[in-house]
Structures are given as structure tokens and as C-alpha cells.
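I have placed the structure first, in the form of C-alpha cells, so that the comments after it can refer back to it.
Any read-out appearing in this document is the output of simple, stated calculations on the displayed coordinates, not a laboratory observation. All of these numbers come straight from a predicted model, not from anything done at the bench. With ideal geometry, Cβ positions are generated from the backbone for all residues, glycine too; neighbour counts draw on all protein chains shown.
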Amino acid sequence: MKIILFRHQRDTFQLTKAEETRLERFTVFGVLFYSKSRSDLQLWTDLKHYEQIDAEVGKAARSVLKRHLWYLSDETVGLALF
């Protein structure tokens with residue numbers, strides 16, 4: 001994030017346009033999703049909405065989150081209600 005903040009100081013950072021674009025995408029994602037805590041369901045919903053901003057990153061993040069939701073099976077939800 002600091003690199004993005006000081007990217008206009010050309011004597012400090014020599015970024016290509018592709019590097020600058022990738023850093024901007026990373027920073028926007030980080031600010032929107034790691035700045036506040038949320039439940040898994042809220043994160044899933046927010047990532048779905050983020051796909052309208054950056055479809056590639058949004059889908060990749062939801063794919064990673066999907067692998068971590070193994071505990072939300074039919075059996076465990078039923079046990080939680082018991």
C-alpha cells in the first residue's frame with residue numbers, strides 16, 4: 001500500500017504500468033476486504049458484489065473462500081441446530 005501511496009515519486013520507485021495496475025488492484029481489494037472483520041456469509045456476499053468491480057479477483061477470492069467452507073455441510077448445519 002505504501003508503494004501505491006508514493007508511486008508518483010519516480011526517483012524512489014520505478015514501476016512499469018503493469019506493476020502499477022496490479023498494485024492498485026491489490027490495494028483496492030485489501031482496503032475493501034481486510035479493513036473490517038465480517039462473518040463468512042457476509043464475506044461471500046461482499047466478494048460477489050466485488051466481482052462487478054474486478055471480476056477476475058472477485059472470482060478467484062470466492063474460489064479460495066469456497067475451499068475453506070468445508071464445515072458448512074448438511075450434517076454440520078443439522079448438528080448446529082440440535
Exercise. For residue 22, state whether it is of a type in the set (D, E, K, R) and under 24 Å from residue 69 (Cβ atoms).
Key: no
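Are there any helices (runs of 4 or more DSSP H) wholly within the chain with 3 or more residues that are surrounded by 12 or more Cβ atoms within 10 Å (Cβ to Cβ), and if so which?
Correct list: 17-33, 40-50, 55-67.
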